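The structure under discussion appears below in the form of structure tokens.
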Amino acid sequence: MLPHKHMILSATIGAAAWTVSGDPTTCAVAVVAGVLPDVDHLADYMYFRFRRGHRLILPLHGYEYAVLGIVSSLSSDDPIVLVATLSYLVHLFADQLENRTRPPAYWLLFRLWHRFRVESISAAPEAAMRGRVDDMRRIQKWWMHRVRRS
Ligand SMILES: [Zn+2]
């Protein structure tokens, strides 16, 4: 899912959390927890750059982290933990709905078990690989545009 969609979803969660709690920090935390996990795509892009193959490593995408968040939420009264967990879970659900992956694909251990191979994790591996190449081209184009402007 593209970052602006994650931003809209997490900002909505954050606005609701801020309204309910009265604490603006909950809004910031929701946005960070709902958007920041996608920086881990860089690991996959680096793998492609240096190994010339596609992998779905995504070290920050994993229901294991959500389970830890849920356990922490249940043992804490801190709304920050609850909001971070909720926003992170929505990020994973949104990714899973939009990307054509096998159902357990967003478990880090499942991906590790399959050695992060796109062919084993994605329900449409060719589309997944094409999408990644498109992402890298978009980033490269954005980067070159910024370099030329400076
Ligand atoms: Zn994501």
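Observations on the model:
- Trypsin sites (Lys or Arg not before Pro) within the range 74-150, DSSP loop, no more than 16 other Cβ atoms inside 10 Å: 100, 115
- Among 41, 145, the ranking by other beta carbons within 10 Å of each residue's beta carbon, starting with the fewest, stands as 145, 41.
- FRET efficiency estimate (nearest 0.05) - Cβ-Cβ, residue 72 to residue 28, R0 22 angstrom: 0.75
- Separation in nanometres of the label points that stand 7 Å from Cα toward Cβ, at residue 112 and residue 126: 3.3 nm
- Across the options 147, 43, 62, the greatest Cα extent toward the positive end of the charge dipole of the range 3-149 (unit charges at beta carbon of Lys, Arg, Asp, Glu) belongs to 147.
- Of the DSSP H helices in the chain, those whose Cα atoms cover at least 27 Å axially and whose Kyte score averages 1.0 or more: 79-98
- The chain: relative contact order in percent, alpha carbon pairs under 8 Å with at least 6 residues between: 22 percent
- Radius 12 Å from Cβ of residue 112, net charge of other residues (Lys, Arg +1; Asp, Glu -1): +3
- Loop-located trypsin sites (Lys or Arg not before Pro) across the range 1-66 with a Cβ neighbour count of 16 or fewer within 10 Å are 52, with loop assigned by DSSP.
- Helix-only [θ]222 nm of the chain, DSSP H runs n ≥ 4, -39500 (n - 2.57) each, per residue, nearest 500: -23500 deg cm²/dmol
- In terms of other Cβ atoms within 10 Å, 29, 35 run from fewest to most in the order 35, 29.
- Percent RCO, i.e. relative contact order, over the range 27-87, from Cα pairs under 8 Å lying at least 6 residues apart: 40 percent
- Translational D in µm²/s for the range 1-140 (Stokes-Einstein at 25 °C, 0.890 mPa s, Kirkwood Rh from C-alpha pairs): 156 µm²/s
- Ascending count of other beta-carbon atoms within 10 Å, so fewest first, for 97, 86: 97, 86
- In this structure, residue 47 and residue 149 have a Cβ-Cβ separation that, at R0 = 30 Å, corresponds to a calculated FRET efficiency of about 0.55.
Readers should treat all values here as calculations from the given coordinates under stated rules, not as data from a laboratory. The structure displayed is predicted, hence computed values, not measured ones. With ideal geometry, Cβ positions are generated from the backbone for all residues, glycine too; neighbour counts draw on all protein chains shown.
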